[in-house]
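The values are calculated or read from the model by the stated rules, or taken from the named source; none is laboratory data. From a predicted model like this one, the values you see are computed outputs, not experimental measurements. Positions of Cβ are backbone-derived with ideal geometry, glycine not excepted, and every protein chain shown enters the neighbour counts.
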């Protein structure tokens, strides 16, 4: 891969990482507010609502952590010189796919086959 393209992708990945971390920190602050609010809840409906909010924040945080790991993996592959190669077949992942999804691990064919298999 061209250095210019790799630099652009790495910059994009770092920006996405920063955005996710900011979001997680914001969610953590919201989570803490909800947890603090539990002490002041007045009835079962308030408890249920607070519990649902807490669960939603946990799920969102889990999803964001997965994205963060994927981004870190892509940055690591750039540094190792392995970025842009499909982890299944070893073929070069098309630039258009990497531009759309910079943390892609597989080419379109392998990813599609994996999704069909998991259905």
**Study point:** In segment 89-112, the residues that are touching a residue at least 24 places away in the same chain (Cβ under 8 Å) and farther than 22 Å from residue 10 by Cα
**Key:** 110
Review point. Can you pull out the residues in segment 92-119 that are farther than 20 Å from residue 76 by Cα and assigned to a loop (DSSP other than H, G, I, E, B)?
Key: 118, 119
Point to revise | From 112, 73, 96, residue being modelled with pLDDT of 65 or more, surrounded by 14 or more Cβ atoms within 10 Å (Cβ to Cβ) and out of contact with any helix residue (DSSP H, G or I) (no Cβ under 7 Å at 6 or more places or on another chain) | key: 73
